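Just so it is clear, none of the values below were taken in a lab; they were calculated from the coordinates. In this text the structure is predicted, and so the values were computed from the model without any measurement. Neighbour counts run over all protein chains shown; Cβ positions are idealised from the backbone, glycine included.
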Amino acid sequence: MLHNVGIAVHNFSEQHEALVIEMMRKFLEYAKSAQLEAADPSIADRRHAESETIEIRMTADGFPIIPKLTVEKELKKAEWETILRAFLTQHYCE
């Protein structure tokens, strides 16, 4: 619209090219993993089992209680993702 009145503007993907490329990469990774799960249901079963191994307890006010394992050792990114996934699943799906 601004282009019609002679003002030069760049669209979102031009302004944030690196972010758009990263988002596309992550989406393609997700699509690939979804195809693998569709081809081999045991992959989805394993992921589901992994997310169930950690239960996040809550305070009376509904705040999460951080599991002791986060204090006892330095966690890897995948372990943090498992904890976050467990919390989100428990919080939004129950």
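For the residue pair I56 and A31, what label-to-label distance in nm results when each label sits 7 Å from Cα along the Cα-to-beta-carbon direction?
Using points 7 Å along Cα→Cβ, the separation is 3.0 nm.
Each residue of the range 13-19 in order: what ³J(HN,Hα) in whole Hz does its phi give by Karplus 6.51 cos²θ - 1.76 cosθ + 1.60, θ = phi - 60°, with x for Gly and Pro?
5, 6, 6, 10, 4, 5, 5
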